[in-house]
């Protein structure tokens, strides 16, 4: 087998074995473009109802896409209905943490994503996944799916 053939085979193996669907990953540093009423519409009828304004303010303060934050809260708290959400006001699956209110949890999440993840170059769901949720390599695809659904829900 020639050198070029071996290189082509190696490239093919690398593409097959290490391909990740990064092209679908949202840049979560970009604002959602949604207002507080649209964000509230996304969470209405769930355990996250009444938090649209807080997600909006978090996005404007920390530059973290509000639809991303809502999607993480939906996944990690079972739409605000999990035990951690109900008893600890913990909407984001932040282990061992309790908050005095759901609003303070959202503010904490915005600060965490901005100062820990963004400041370390992690600005997409797929780049955050290995650190935020290392035990579930499909976490980013779940978040991406929820984000797409949430944007679709408000006609975006």
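Each reported figure results from applying straightforward, stated rules to the coordinates on display, with no laboratory input. Quantities reported herein were computed from a predicted structural model and do not represent experimental measurements. Cβ atoms come from the backbone with ideal geometry, glycine included; neighbour counts cover every protein chain shown.
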Of the residues in the stretch 77-111, those that are crowded, with 16+ Cβ neighbours inside 10 Å and under 20 Å from residue 32 (Cα atoms) come to 79, 91, 92, 103, 105, 106, 107, 108, 109, 110
Of the residues in the stretch 70-91 that are within 10 Å of residue 105 (Cβ to Cβ) and either in contact (Cβ under 8 Å) with a residue 12 or more places away in the chain or assigned to a loop (DSSP other than H, G, I, E, B) (or both), the one that is nearest to the chain's Cα centre (by Cα) is 73
### Message
Residue under question is residue 65, and the condition is that it be in contact with a strand residue (DSSP E or B) (Cβ under 9 Å, 6 or more places away or on another chain) and under 23 Å from residue 138 (Cβ atoms); does it hold?
### Response
yes
_Any residue at all in the stretch 109-126 that's under 13 Å from residue 29 (Cα atoms), assigned to a loop (DSSP other than H, G, I, E, B) and without any contact (Cβ under 8 Å) to a residue 40 or more places away in the chain?_
yes
TODO: Kindly indicate whether residue 136 is surrounded by 18 or more Cβ atoms within 10 Å (Cβ to Cβ) and farther than 21 Å from residue 40 by Cα.
DONE: no
